[in-house]
1. For segment 22-41, name all the residues that are closer than 21 Å to residue 83 by Cβ and in a loop (DSSP other than H, G, I, E, B).
2. Looking at 54, 25, 38, can you tell me which residue is more than 16 Å from residue 79 (Cα to Cα) and out of contact with any strand residue (DSSP E or B) (no Cβ under 8 Å at 6 or more places or on another chain)?
3. Need the failing condition index for residue 19 against (1) assigned to a helix (DSSP H, G or I); (2) at pLDDT 95 or above; (3) surrounded by 12 or more Cβ atoms within 10 Å (Cβ to Cβ), just the number.
4. Scan segment 1-16 for residues that are in contact with a helix residue (DSSP H, G or I) (Cβ under 6 Å, 6 or more places away or on another chain) and either in a loop (DSSP other than H, G, I, E, B) or touching a residue at least 40 places away in the same chain (Cβ under 8 Å) (or both) and jot them down.
5. So which residues in segment 57-85 are without any contact (Cβ under 8 Å) to a residue 24 or more places away in the chain, closer than 23 Å to residue 1 by Cα and either out of contact with any strand residue (DSSP E or B) (no Cβ under 9 Å at 6 or more places or on another chain) or assigned to a helix (DSSP H, G or I) (or both), if there are any at all?
6. Suppose the filter is loosely packed, with under 11 Cβ neighbours inside 10 Å, at positive phi and not in a strand (DSSP E or B); does residue 54 pass it?
Ligand SMILES: [Zn+2]
Ligand SMILES: [Zn+2]
């Protein structure tokens with residue numbers, strides 16, 4: 001889901017601003033809502049950061065292959081822990 005899709009489907013206009021329907025938070029400006037949606041609800045730009053060589057990977061799969069080939073001592077660790085937003 002993109003930020004634009006999220007704004008169209010999961011937010012609503014209120015008397016005082018905008019409301020995130022996903023978590024119930026209110027925002028005075030659409031800009032604030034956008035940043036909130038991008039940071040908390042839309043993970044399109046998430047990537048994995050390798051702690052050993054600081055390389056970034058777009059997918060869990062490519063990061064997993066990288067770890068198993070280059071950093072065998074990390075094998076078995078939960079790759080989810082290395083997600084960067
Ligand atoms: Zn929210
Ligand atoms: Zn690495």
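The values are calculated or read from the model by the stated rules, or taken from the named source; none is laboratory data. Bear in mind the structure is a predicted one, so any value in this text is a computation, not a measurement. Here the Cβ positions follow ideal geometry from the backbone for every residue, glycine too, while neighbour counts run over all protein chains shown.
1. Selection gives 22, 23.
2. On the way: 54 fails: more than 16 Å from residue 79 (Cα to Cα); 25 fails: out of contact with any strand residue (DSSP E or B) (no Cβ under 8 Å at 6 or more places or on another chain).
Going through 54, 25, 38 in turn, the sole match is 38.
3. (1)
4. Within segment 1-16, just 3 meets the criteria.
5. Taking segment 57-85 as the starting set, the residues that turn out to be without any contact (Cβ under 8 Å) to a residue 24 or more places away in the chain are 57-78, 80-81.
Add one more test, that the residue is closer than 23 Å to residue 1 by Cα, and what stays is 57-63, 80-81.
Listed by number, the residues that qualify are 60, 61, 62, 63, 80, 81.
6. Considered against the rule, which asks whether it is loosely packed, with under 11 Cβ neighbours inside 10 Å, at positive phi and not in a strand (DSSP E or B), residue 54 comes out as yes.
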